[in-house]
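The values are calculated or read from the model by the stated rules, or taken from the named source; none is laboratory data. Because the structure is a prediction, the values reported are computed rather than measured. Glycine also receives a Cβ, built like all others from the backbone with ideal geometry; neighbour counts cover every protein chain displayed.
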Amino acid sequence: MDIYLPVAEMSINAFWLLGLGLVVGFLSGLFGVGGGFMLTPLLTFMGLPPTIAVGTQASQLAGTSLSGAMAHWRRRNIDVRMGFILTVGSFLGTGVGVQIFKWLKQIGQINLVIVLCYVALLSAVGLMMFFESAPGLLRRGSRVRSGGRLPARDGVVPTLTQGWGADGAFAVDFHVSNLRVNVLLPIGLGIIGGLLVALLGVGGGFVLVPAMIYLLKMPPALVNGTSLFQIIFTTAFASVLQAVSNHSVDVVMAVFLLIGSVVSVPMGTRLASHLRPEVARLLMSLLILAVAGKLIFDLFTTPGQLFAVETRLL
Amino acid sequence: MIRKLGLAFLLCVALSSQPTWAAKKVVAANLTDNFVGVSEGFDGAKLTVFGVLKNKADAIVVIEGPLAEAKVRAKTKQIGIWVNGNPTTIESVPSFYAVVSSKPIDQIVDAKTALAYGLDVDHLAVSKTEAGAGYVNVKRAQGLFRYQPDGVKILESNLFRADIFLPPSVPIGTFRAHIYEVSSGKLSATRDETFYVAQVGMTAWVSKTAREKPAFYALLALVLSLGIGGGAAYLLRRMS
């Protein structure tokens, strides 16, 4: 059954979109990441223009991250204050990123830049996971998946963890995270996250989560929830900007992807509790490297078309 | 100015010297539809042109989509990677072009006539430049420039019927159908018809809103997205 995408102005098999949503949702439940980093490359393999894939995903990720964040909210795994400060940074990053996106689109290099960024990001993350150079990361992350909970805090906090710049002028206390840190650090991380959303259509969780653990020194149990919480606002903001400046949000595609993914997230989550974390990590790294490999292969092989054409109806 | 006038004059001479055009005979032909609606389940459409020919004549139908401005970038290899080069702009070129005929074009008309009337998709006037040839190649690969030498069926009593496939990615706008009757190598009669391809129903509303009220459109998409995401999370919790 083909479905016509009114903004992309092409038709695509609806079951493919639902299936892609299912796969990505499943992966996201299984590995505890947003899964957006798989979706853009897969959509472009299906023939969608990368610009539409990126813009649409911003919109769709808002829904996916809301459903994920709701589960974390119930377990009180979200540091709201930290989330909002990250959001301040990510709005800046998104605003700048969408303008860069627009500029790259005008000079005809957006598709190449998207692909190159993906290659860099996927290779780095895939290799890192494959060689387990960050061994503690996912083991700790898995505590969140298995429903880890912070000890109840009743009012008095003994001592705050002293993060980067804790004695400087911009130090801010985060009582939920039990942390004092220079506010510029989370804002800076937010900016990076916002750039990723605007340029690549990913939530950026797979970059932000390790950064929040190692640089920000947040308790790992709060990191996934807080990252997702922040991603809701960032992707929401990015989707509005993308639609206004780049006309690259296709609502029909977003809905089909979402329906597929919300169904399969809990299935992935359930399997995650049966799968050994190392196995899951290895599988995911292989998957990421396969996608990166295909992108690299396409960069170097002679394209089927030696011309790129952009038409505007008169 | 004088040079322009001179050019215009030459063009007039060139056109009027086309021997067959002056005949101005009209093919008795028509389209089955003047309107093609693109809606949610659109997976392409078939347009049929039918009519009557002179005895032993052949027919060629050219479908020309709305004009577009095209930016064509040649891909070049830089440090091993294929990169888009600087754009060449073609100011006005059909976004869709289909030629269907009852026999291969080179068996019906000579190359000069084919070029003058744009009957040979592989040798169009636009293809003379490198960018133009690149444009045609890309459009052919996308199925938006098509050539079907057996697309016109000549039935008994000189009735003909041409089926033209409009793919799902067909551009939106006004299309022109040029119908040519060819007998013994000459264009003996012609007819122009117009039809429209437009988005209809919800699809039309969505794309119009996305273009004209992008902020409202984005908010709507967002509400849908958050509604589905939040709703699903709520339902799943209730179920488990």
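Details
- Of A:Leu48, A:Leu30, all but one fail to be more than 19 Å from A:Phe206 (Cβ to Cβ) and either part of a loop (DSSP other than H, G, I, E, B) or at pLDDT below 85 (or both); the exception is A:Leu48.
- Residue check for B:Phe145: in the same structural domain as B:Lys46 (by TED's automatic domain parsing) and touching a residue at least 60 places away in the same chain (Cβ under 8 Å): no
- Residue within segment B:131-154 that is surrounded by 18 or more Cβ atoms within 10 Å (Cβ to Cβ), more than 14 Å from chain A (Cβ to nearest Cβ) and farther than 27 Å from A:Leu306 by Cα present: yes
- On inspection, A:Val244 fails the criterion of being modelled with pLDDT under 75 and in a helix (DSSP H, G or I).
- Selection status of B:Ala57, aliphatic (A, V, I, L, M) and either out of contact with any helix residue (DSSP H, G or I) (no Cβ under 8 Å at 6 or more places or on another chain) or loosely packed, with under 15 Cβ neighbours inside 10 Å (or both): no
- Boolean, A:Met218 is over 16 Å from the mean Cα position of the chain (by Cα), farther than 12 Å from A:Gln60 by Cα, aliphatic (A, V, I, L, M) and buried (at least 24 other Cβ atoms within 10 Å of the Cβ): yes
- Subset of segment B:177-215 [among the hydrophobic types (A, V, I, L, M, F, W, C), farther than 18 Å from B:Pro66 by Cα and in a strand (DSSP E or B)]: B:Val182, B:Leu187, B:Ala189
- Contacts under 6 angstrom Cβ, first residue in segment A:206-225 being within 14 Å of A:Leu185 (Cα to Cα), partner part of a helix (DSSP H, G or I) and of a type in the set (Asp, Glu), 6 or more apart: none
- Considering residues of segment A:1-23 that are small (Gly, Ala, Ser) and within 11 Å of chain B (Cβ to nearest Cβ) only, the residue nearest to the chain's Cα centre (by Cα): A:Gly21
- Residues (buried (at least 20 other Cβ atoms within 10 Å of the Cβ) and touching a helix residue (DSSP H, G or I) at 6+ places or on another chain (Cβ under 9 Å)) located in segment B:178-189: B:Tyr180, B:Val182, B:Leu187, B:Ala189
- Answer residue from segment A:292-314, given it is at the interface with chain B (Cβ under 7 Å from one of its Cβ atoms) and touching a residue at least 40 places away in the same chain (Cβ under 8 Å) and is farthest from A:Ala8 (Cα to Cα) among those: A:Leu299
- Residue within segment B:211-220 that is surrounded by 13 or more Cβ atoms within 10 Å (Cβ to Cβ), in contact with a Gly (Cβ under 7 Å, 6 or more places away or on another chain) and closer than 30 Å to A:Ile52 by Cβ present: no
- Flag set for A:Val309, criterion: more than 22 Å from the chain's Cα centre (by Cα), outside any helix (DSSP H, G or I) and not aromatic (Phe, Trp, Tyr).
- Screening the candidates B:Ala74, B:Ala70, B:Ala45 for the property of being in contact (Cβ under 8 Å) with a residue 40 or more places away in the chain and buried (at least 21 other Cβ atoms within 10 Å of the Cβ) yields one hit, B:Ala70.
- Failed condition for B:Tyr234, given (1) loosely packed, with under 13 Cβ neighbours inside 10 Å; (2) more than 9 Å from chain A (Cβ to nearest Cβ): (2)
- Segment B:165-221, subset under 24 Å from A:Ser239 (Cα atoms) and among the aromatic types (Phe, Trp, Tyr), residue nearest to the other protein chains (Cβ to nearest Cβ): B:Tyr217
- Restricted to segment A:158-198, and to residues there that are among the small types (Gly, Ala, Ser) and modelled with pLDDT under 80, the residue that is surrounded by the fewest Cβ atoms within 10 Å (Cβ to Cβ) is A:Ala169.
- Tabulated pairs, segment B:97-111, first assigned by TED's automatic domain parsing to the domain that holds B:Pro167 and surrounded by fewer than 21 Cβ atoms within 10 Å (Cβ to Cβ), second assigned to a loop (DSSP other than H, G, I, E, B) and of a type outside the set (Lys, Arg), C-beta under 7 angstrom, 6+ apart or interchain: B:Lys103/B:Pro149; B:Pro104/B:Pro149; B:Asp110/B:Gly185
- Being modelled with pLDDT of 90 or more and either at positive phi or among the aliphatic types (A, V, I, L, M) (or both) holds for only one residue in A:Leu138, A:Leu121, A:Leu86, and it is A:Leu86.
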